[in-house]
Each structure stands twice: as structure tokens, then as C-alpha cells.
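> One structure is given below, represented as C-alpha cells, and several questions about it will come after.
The values are calculated or read from the model by the stated rules, or taken from the named source; none is laboratory data. As the structure is a prediction and not an experimental result, all values here were calculated from the model. Using ideal geometry, Cβ is built from the backbone for each residue, glycine included, and neighbour counts are taken over all protein chains shown.
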Amino acid sequence: MKIDRRFPPTWSADRDRLYWREWAAVRRADRGADRHALHVKALGYDKSHVRFNDLDFSKVLNAFREVSKPADLLSQIEAIDGRKQLLIFSIQRAARKLSLDVIVAAAQPIGELEAIRVSLSRQLAQRKSAAPI
């Protein structure tokens, strides 16, 4: 994946395009809409869109869609479901980052831990040596 240096690590060019596309839909629906006022409505305060975390982004998209698609309840429900999916993804990502030793310790009898630790250490060393520089 190519890193775009214009955006912080929590923001991507795809997310930026989605944000501006949704904002354009708001402007078509209401020429007098204030983007930052919608940020405040969604978050309780103003914040730069490139600094949104996943939850902030979902809340602001939902506020945008309330203006651009007020009769489309499905899009607003999807925004809520999207927040739930982002939370599930975040939990899964965090779980993958847990130490394998901790996971193994919880799942295996104590007598087998040393052999498993040695095996995992070897696998990790092999992955590191095979990783492209």
C-alpha cells in the first residue's frame, strides 16, 4: 500500500474522497450548509476532517447524510452499522497484535510452553529474515 504523506496515518486518500463526495451531496441539497457546523452537530466540537478517527468519521458522514438524504433512513442505518463494523475490525486488529506467547499461555498447558515459545521464535526469525527490506 502506498503511503500518502499529505494525510495523517489515520486518514487515507480514499477516505478523503468519500468525505468530499458526501460534502458535495450536502451542498447540492443545501447551498447554505456549513461543513464545520455539521462537524459540531455530529461530534460536539469542530475538528479537522483529516484528524477524524473511525467513530468521528462515521458520525460526521451520518450528519452529512441527514442533510443530503433526509428521507433515506437506510443510509443512516448503514452509517450506524458501519460504526459497529469499524469497532469489530478495530477489536480484531488489536487481537492480532497481542503477543503470541500470551495467547499460547492461555491455551496450552504450562509444560508445553517452552517448546511452543522456541518454535514461535524460530518462525518469527524466519519471517523477519524473509521480509523484503
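> Of all residues in the range 59-73, which are small (Gly, Ala, Ser) and either in contact with a Leu (Cβ under 9 Å, 6 or more places away or on another chain) or outside the structural domain of Leu18 (by TED's automatic domain parsing) (or both)?
Scanning the range 59-73 gives a single hit, Ala63.
> Under the condition of being among the aliphatic types (A, V, I, L, M) and either over 21 Å from the mean Cα position of the chain (by Cα) or modelled with pLDDT of 90 or more (or both), which residue from the range 40-51 is surrounded by the most Cβ atoms within 10 Å (Cβ to Cβ)?
Ala42
> Scan Asp54, Asp81, Asp4 and give me the residue that is of a type outside the set (Ser, Thr, Tyr), within 14 Å of the chain's Cα centre (by Cα), at pLDDT below 75 and outside the structural domain of Leu124 (by TED's automatic domain parsing).
After applying the criteria, what remains is Asp81.
> In the range 14-39, which residues are farther than 17 Å from Ser68 by Cα and surrounded by fewer than 15 Cβ atoms within 10 Å (Cβ to Cβ)?
Passing the criteria: only Asp14.
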